[in-house]
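Peer 1: Starting off with a structure, shown below.
The values are calculated or read from the model by the stated rules, or taken from the named source; none is laboratory data. Note that the structure is predicted; figures quoted are calculated from it, not measured. With ideal geometry, Cβ positions are generated from the backbone for all residues, glycine too; neighbour counts draw on all protein chains shown. Please note that ligands, DNA and RNA were not included when accessible areas were found on the heavy atoms of the full protein model with its side chains. Shrake-Rupley method; radii C 1.70, N 1.55, O 1.52, S 1.80 Å.
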Amino acid sequence: MIIGVPKEIKNNENRVALTPAGVAEMKKHNHTVYVQATAGMGSGFSDEDYVAAGAVILPTIEEVYGIAEMIIKVKEPIASEYNLIKEGQLLFTYFHFASSEELTHAMIERKAICLAYETVEKKDRSLPLLIPMSEVAGRMAPQEGAKYLEKPLKGRGILLGGVPGVKPAEVLVLGGGIVGTQAAKIAAGFGARVTIMDINLNRLRELDDIMPANVVTQMSNHYNIKEAIKTADLIIGAVLIPGAKAPHLITRDMLKDMKPGTVLVDVAVDQGGCIETCKPTTHENPTFIIDDVVHYCVANMPGAVPFTSTLALTNATLPYAIMLANKGWQAACAQNDELRLGLNVVNGEVVYKGVADAWNLPLTNLSNVMEAYA
Ligand SMILES: NC(=O)c1ccc[n+]([C@@H]2O[C@H](COP(=O)([O-])OP(=O)(O)OC[C@H]3O[C@@H](n4cnc5c(N)ncnc54)[C@H](O)[C@@H]3O)[C@@H](O)[C@H]2O)c1
């Protein structure tokens with residue numbers, strides 16, 4: 001198959017969808033890979049690295065879209081890319097269609113085959129292409145929190161780990177899923193005293209078994225949260241209710257119960273946030289202050305560490321990309337349930353319920369579409 005890797009052009013996006021190691025794997029399977037010049041630069045890969053791995057470098061994005069049967073990307077195509085997409089071209093990337101009506105209509109019009117990373121789903125309902133980014137954001141959260149707890153950055157001026165003779169900081173993690181677990185682990189590694197709250201008792205049992213001694217678990221409820229925020233120095237929001245807006249576990253009126261200079265890192269901000277006062281911020285301007293409480297609410301945290309994020313993402317996407325390249329999307333999706341669930345828009349038809357519901361569009365039965373291509 002002919003594979004194209006365009007340079008990401010969304011603002012501040014430095015990741016790339018295929019590394020030189022990925023190119024080498026594709027070559028092993030006899031595929032041809034075209035990479036746009038400087039596509040890997042933001043993640044530490046030069047054009048020479050890609051050529052050495054067997055890719056052909058193309059100077060422009062038009063040439064990459066023009067030649068490729070499958071485009072592998074990181075972020076959804078932006079408006080300037082819409083017209084480059086060809087009928088029947090396979091696009092394997094994050095789309096998040098339910099958050100953009102314009103993108104949904106554009107992809108329907110282009111009659112592309114849109115396979116979305118975020119809806120590829122395993123039997124146990126886990127989302128293998130979202131997990132790596134949750135791991136990155138979770139591990140970043142205490143690091144960002146530690147930074148903004150410093151006095152010059154308007155925090156309380158407390159060191160997460162304390163020092164001999166001085167107590168460490170208190171970290172409260174709301175949600176003990178992927179983000180919360182990684183956040184707790186790193187905060188504990190810094191030496192902080194960590195409390196993880198979740199509503200899933202089985203999850204709390206698991207965490208209690210695997211976490212170090214400076215991490216305790218507690219049932220998440222309004223009473224416990226209200227008590228815990230009084231002593232917390234850093235609060236990390238990591239709650240998710242699949243397919244729904246995050247619940248506001250900390251409301252505006254609760255800020256007055258916190259110590260001045262407390263830092264809130266609401267990782268769940270991309271789902272509306274679990275702290276009422278959190279609104280999405282950017283890496284250029286990551287924080288704001290309300291009632292002496294520092295809010296960090298960057299919606300694309302992994303974007304700040306592209307060297308790590310690119311490798312984490314491509315470790316997870318490459319096996320699926322190879323499957324698609326080896327078999328073509330029709331056979332790959334017919335044989336693999338996980339990949340099939342990634343299909344969102346096929347040849348102008350919406351085949352994913354969440355997308356159809358979001359924009360009130362007719363939902364086409366995926367089996368009919370697959371049969372048409374069989
Ligand atoms: N800002 C970013 O850059 C970024 C990056 C990656 C992920 N995220 C977001 O982080 C959030 C968490 O993702 P995840 O992968 O850890 O999800 P997850 O499903 O693995 O974990 C969510 C956890 O929240 C728990 N939960 C639900 N309701 C709760 C409540 N009332 N109190 C306490 N816990 C509750 C669930 O039981 C679950 O354990 C998501 O919104 C995700 O989109 C943001």
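Peer 1: In terms of Cα to Cα distance under 22 Å, which lysines are near enough to K75, apart from those fewer than 8 places away along the same chain?
Peer 2: List returned: K7, K10, K86, K111, K122, K245, K279, K353.
Peer 1: While we're looking at this one, here's another question. Give, rounded to the nearest 20 debye, the magnitude of the charge dipole that the stretch 108-261 has about its Cα centre when Lys and Arg contribute +1 at Cβ and Asp and Glu contribute -1 at Cβ.
Peer 2: 340 debye
Peer 1: Report, in debye and to the nearest 20, how large the dipole of the stretch 152-233 comes out about its Cα centre when Lys and Arg carry +1 and Asp and Glu carry -1 on their Cβ.
Peer 2: The dipole magnitude comes to about 280 debye.
Peer 1: I need to check one value: relative contact order of the chain, counting alpha carbon pairs closer than 8 Å and at least 6 residues apart, in percent.
Peer 2: Computed over the chain, the figure is 17 percent.
Peer 1: Run the accessible area of the stretch 24-74 with a 1.4 Å probe and give the carbon-and-sulfur part as a rounded percent.
Peer 2: It is 56 percent, rounded to a whole number.
Peer 1: What net charge do the residues around G22 carry, taking every other residue with its C-beta under 14 Å from that of G22, with Lys and Arg at +1 and Asp and Glu at -1?
Peer 2: In short, +2.
Peer 1: Give me the 1.4 Å probe accessible area per residue for the chain, excluding ligands and nucleic acids, in Å².
Peer 2: Per-residue value: 44 Å².
Peer 1: Given +1 on the Cβ of Lys and Arg, -1 on the Cβ of Asp and Glu, and no further charges, what dipole in debye does the stretch 308-374 carry about its Cα centre, rounded to the nearest 20?
Peer 2: Here the stretch 308-374 has a charge dipole of around 120 debye.
Peer 1: Just the accessible area for H248, please: 1.4 Å probe, Å², rounded to the nearest 10?
Peer 2: Looks like 80 Å² after rounding.
Peer 1: Using a 1.4 Å probe and counting only protein heavy atoms, arrange L341, L361, L18 so the residue with the most accessible area comes first.
Peer 2: Most to least solvent-accessible, the answer reads L341, L361, L18.
Peer 1: Can you pull the percent of the stretch 177-280's accessible area that's carbon plus sulfur, 1.4 Å probe, other chains left in place?
Peer 2: Carbon-and-sulfur percentage of accessible area, whole number: 57.
Peer 1: Got a number for the accessible area of Y373? Probe 1.4 Å, square angstrom, nearest 10.
Peer 2: Per-residue accessible area (Y373): approximately 80 Å².
Peer 1: Would you list T217, T262 from the most to the least accessible area, probe 1.4 Å?
Peer 2: Descending order: T217, T262.
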